[in-house]
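Below: the structure, in structure tokens.
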Amino acid sequence: MTQGHLVASLFAAYFFGFGLFLPFFPVVLRDSGLSPGEIGTLLSLPMLVRLAANPLVGALADRFATPRVAVSVLSALSAALFLAFFLASGFWAYAVLLVAVALVWSPLIPIEDAVAARLDREGKGQYGRMRLWGSISFIAANLVGGTAAASAHAAPAVIGGIAAGLVVSALVGLKLTVPSAREAERGPDDEHRVEGRAKPGMGFLLVVVGAGILQGSHGAYYGFSALFWEAEGFGGLAVGILWGLGVTTEIVLFAFAGSVGARIGSLGILGVGAGAAILRWVLFAQVSGPLATGSLQLLHGLSFGATHLGAVAYVAARAPRRWAGFSQGLLSMVFGFFTALASALAGLLYQSGPSLAFQAMAAMAALGTLLLATGALLPGERRRAPAA
């Protein structure tokens, strides 16, 4: 099995757990007797913690560890913490565990993104082809979680499934032979060289913040889409299918990411994601029925997938290679900051009216698009950034 196959397996293992956590952990919290406001606050905690955890752990991994050690240790610790939810109850116990989870679970993705981007640059695999297995696994988790949510065993299935995916991640990580970021650097000047381009400036900052706001606009969706659809009459399995349907377009995008990126570049991919996000959140609370709701879900692959793919490629093309994990951790920090704000805001607005929460997300997406466009038009950013 090649290193590319192993990284694809890591994405699959991680996103199986994530596909359970995002739509159905709010259901677990609700079944524990927590209010929408408490749920929004709890969901925002790990997003806030990862603001520091992702770049810090990424920097430590770049400096002191190989991907093998980093992935295996973080996965094992995360699995143990999720299993501890079986022994916990109440807002404060959940809060402590979610903070601890964020310290070790959240950094896995930027570390894996950095490894996948490096393999892509070295011609040992395509980022999109590796990442799509995470999306496929995410869909499988949506269906498993949806079935469980329709029964009386939501908590054991959701928490146990997340822990199982992390155990697999720890075992697969042991087989990685990819060298550390410092071992892989090409020369002593790598720390200051940014892929033959000028050092990042204001345009770079605006693009990254704009992309972060676009990703943050998914906060209401992550926290309350399952509850919103249940109130609209959709059963647990139907909710899982809707989430899976949204990720289907991610898979298509990631499969053709190389050819798409060659045509429009990472900034172009980000623009596609921005337009899809605005349209999606404007319409989200306005449509009803299986056909309209399902059709709108197809935009997820663009609003999330294109934004993620474009941002990861944009940062990877400009970051010094020796700080690959740290750079992706910083990007993840920006994503987490705005998603945490959006989740907390959505929790407050959802209590007043579900449509208000999603209208606020549409406004966020519009702001992110404006910053993205401004940054892309500044001198030094007009040249297309490579897709990977």
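The values are calculated or read from the model by the stated rules, or taken from the named source; none is laboratory data. These numbers were taken from a predicted model, which means no experiment stands behind them. The area values use the complete protein model at the heavy-atom level, side chains included, leaving out ligands, DNA and RNA. Shrake-Rupley method; radii C 1.70, N 1.55, O 1.52, S 1.80 Å.
How tilted is helix 91-104 with respect to the longest principal axis of the chain? Cα atoms for both, answer in degrees (0 to 90, nearest 10).
20
To the nearest 10 degrees, how steeply does helix 154-173 sit against the main Cα axis of the chain, on a 0 to 90 scale?
Its long axis makes an angle of about 20 degrees.
Find how much the distance from Arg63 to Leu87 grows on full extension, using 0.36 nm per residue of separation minus their present alpha carbon separation; answer in nm with one decimal.
Stretched out fully, the Arg63 to Leu87 stretch lengthens by 5.1 nm.
Going by alpha carbons, how many degrees (0 to 90, nearest 10) lie between the helix axis of 354-377 and the longest principal axis of the chain?
10
What is the range 1-96 by shape, rounded, prolate or oblate, if you read a ≥ b ≥ c off the alpha carbon gyration tensor as root eigenvalues and call it rounded for a/c under 1.5, prolate for a/b larger than b/c, and oblate otherwise?
prolate
Computing the accessible area with a 1.4 Å probe over protein heavy atoms, can you report the carbon and sulfur percentage for the range 112-170?
Answer for the range 112-170: carbon and sulfur cover 67 percent of the accessible area.
Give me the accessible area per residue for the range 255-344, probe 1.4 Å, as a whole number in Å².
Averaged over the residues of the range 255-344, the accessible area is 32 Å².
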